[in-house]
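Single-structure report; data block below.
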Amino acid sequence: WIKANEVSKDCRDRLVLKLRERSNKAADRAARLERRLQRLKTEHASDRKVAEAVVSLRKLASDIEKQTPRTTID
């Protein structure tokens, strides 16, 4: 992660906002995937299709975790 003394506060703030934007997009995608999974379950879709949706959700959850900033804007 970025050390405070390596970059200016403005630069850090821009980076944090950019990362949050990416994270929000990923969260929106996760919500769409979750709705898809629920629809597949109610439609009694094949186990393969449900498994694919679950794998996609897990991968996305991992990506979201990696992109979420671990700092706050002062």
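The values are calculated or read from the model by the stated rules, or taken from the named source; none is laboratory data. This structure is a prediction, so every number in the text was calculated from the model and none was measured. With ideal geometry, Cβ positions are generated from the backbone for all residues, glycine too; neighbour counts draw on all protein chains shown.
Details
- The set of residues in the stretch 1-26 being in contact with a helix residue (DSSP H, G or I) (Cβ under 7 Å, 6 or more places away or on another chain), aliphatic (A, V, I, L, M) and modelled with pLDDT of 80 or more consists of 19, 26.
- Count of residues meeting criterion [closer than 12 Å to residue 55 by Cα and free of Cβ contacts under 8 Å to residues at least 24 places away in the same chain] in the stretch 31-40: 2
- Scanning the stretch 41-68 for residues that are of a type in the set (Asp, Glu) and touching a residue at least 24 places away in the same chain (Cβ under 8 Å) gives a single hit, 63.
- No other residue among 72, 68 is out of contact with any Leu (no Cβ under 6 Å at 6 or more places or on another chain), surrounded by 11 or more Cβ atoms within 10 Å (Cβ to Cβ), of a type in the set (Val, Ile, Thr) and modelled with pLDDT under 80 apart from 68.
- Pairs, first touching a residue at least 24 places away in the same chain (Cβ under 8 Å) in the stretch 12-30, second exposed (fewer than 15 other Cβ atoms within 10 Å of the Cβ) and of a type in the set (S, T, N, Q), C-beta under 6 Å, six or more apart: 23/68
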